[in-house]
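The next block holds one structure in the form of structure tokens; read it before the comments.
The values are calculated or read from the model by the stated rules, or taken from the named source; none is laboratory data. All figures in this text were calculated on a predicted structure; none of them were measured in a lab. Ideal geometry is used to build each Cβ from the backbone, glycine not excepted, and the neighbour counts take in all protein chains shown. For the accessible areas, the whole protein counts, side chains as well, though only heavy atoms, and no ligand, DNA or RNA atoms are used. Shrake-Rupley method; radii C 1.70, N 1.55, O 1.52, S 1.80 Å.
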Amino acid sequence: VTMKDNRLEQIVRFCELLDKEKFIQRRTYLSDGERLENDAEHAWHMAVMALLLSGYSNEKVDVLKVVSILLVHDLVEIYAGDTFAYDEEGKKTQRQRELAAADRLFSQLPDELEQRMRSLWDEFEEWATPEAKFAHSLDNFQPLLLQNASGCRAWKEGGRRLSEVLERNARSAEGSLALWEYARENFIQPAIDAGTLKDDTL
């Protein structure tokens, strides 16, 4: 008779909890413009993009670390919910809500896994390492990619202005100047030219 493995049980319960990330809806439409993506789709998409685009990071990065950060960075939204990039009121309490959610979420893991997962989340939040900076660049690049692919549906619905998009992406170049320049030229400028994104910076 094998003894009950409480550590394994704890991890499996946490794995089940992770399914809730699939229910957290974001404000970005999928490429066909038909429905909004969820947090899990967003994280998966960026993790694969990290494998493909890591050569465009400003600094050499540990790709597994970048992928790990990207897969973990939004898990706290299971409890905190998604804070829309252009929700000024929501952003005021975002840090407080997400810190409380991180405490609640990661404490459900065995100690060493709690520390590992929490450190990945903290690293993303602190913007200090090359991996965190590149993860942030991808976190900003992926929604722009989908905006472009979906005909900028979310921007049209929200009446987005260029100043808002530039503020949202103010630090994008810190992780990858190449990706930010690509996004400006291929995603943002065409939307301005089409009149979809109102240029209020003139």
So for the pair ILE192, GLU114, with labels modelled 7 Å out along Cα→Cβ, what separation do we get in nm?
-> 4.9 nm
Using a Gaussian network for the chain with springs between C-alpha atoms less than 10 Å apart, which of these wobbles most: THR93, THR129, THR28?
-> THR93
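Under a point-charge model restricted to the Cβ atoms of Lys and Arg (+1) and Asp and Glu (-1), what is the dipole moment magnitude of the chain relative to its Cα centre, in debye to the nearest 20? Walk me through the intermediate numbers first.
Values: 26 positive and 38 negative charges, 43 e Å.
With Lys and Arg at +1 and Asp and Glu at -1, about 200 debye.
For region 103-202, give the percent of accessible area contributed by carbon and sulfur heavy atoms, probe 1.4 Å, rounded to a whole number.
Working: 2220 of 4810 Å².
It is 46 percent, rounded to a whole number.
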Mind pulling the angle between the C-alpha long axis of helix 88-106 and the longest principal axis of the chain? Nearest 10 degrees, somewhere in 0 to 90.
-> 20 degrees
Please find the FRET efficiency linking ARG13 to GLU41, where r is the Cβ-Cβ separation and R0 is fixed at 41 Å, and quote it to the nearest 0.05.
-> 0.95
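Only four residue types carry charge here, +1 at the Cβ of Lys and Arg and -1 at the Cβ of Asp and Glu. Report the dipole size of region 74-178 about the Cα centre in Debye, rounded to the nearest 20.
Details: 14 positive and 21 negative charges, 111 e Å.
So the dipole magnitude of region 74-178 works out to roughly 540 debye.
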Starting from the Cα gyration tensor of region 44-202, take the square roots of the eigenvalues, sort them a ≥ b ≥ c, and report rounded, prolate or oblate (rounded when a/c is under 1.5, otherwise prolate if a/b is larger than b/c, else oblate).
-> oblate
Cα long-axis angle, helix 63-72 against the chain (0 to 90 degrees, to the nearest 10) | 80 degrees
Putting +1 on Lys and Arg Cβ atoms and -1 on Asp and Glu Cβ atoms, find which of LEU8, THR93, LEU70 reaches farthest to the positive end of the dipole of the chain.
-> THR93
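What pairs from LYS22/LYS133; LYS92/LYS156; LYS60/LYS156; LYS22/LYS198 go past 28 Å between their alpha carbons?
On the way: LYS22/LYS133 25 Å; LYS92/LYS156 25 Å; LYS60/LYS156 37 Å; LYS22/LYS198 32 Å.
Flagged as over cut-off: LYS60/LYS156; LYS22/LYS198.
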What do you reckon, how do LYS198, LYS60 stack up by accessible area (1.4 Å probe), largest on top?
-> LYS60, LYS198
Order VAL67, VAL165, most accessible first, counting only protein heavy atoms with a 1.4 angstrom probe.
-> VAL67, VAL165
Tell me, what is the 1.4 Å probe accessible area of TRP155, in Å² to the nearest 10?
-> 10 Å²
Note the full-extension length gain between ARG168 and ASP199 as 0.36 nm times their separation in residues minus their Cα-Cα distance, in nm to one decimal.
-> 9.7 nm
Largest to smallest accessible area among TYR56, TYR29 [probe 1.4 Å] = TYR56, TYR29
Accessible area of VAL12, 1.4 Å probe, to the nearest 10 Å²?
-> 80 Å²
Can you send over the solvent-accessible area of ARG95, 1.4 Å probe, protein chains only, in Å² to the nearest 10?
-> 120 Å²
Roughly what angle does helix 111-126 make with the longest principal axis of the chain, taking Cα atoms, 0 to 90 degrees, to the nearest 10?
-> 20 degrees
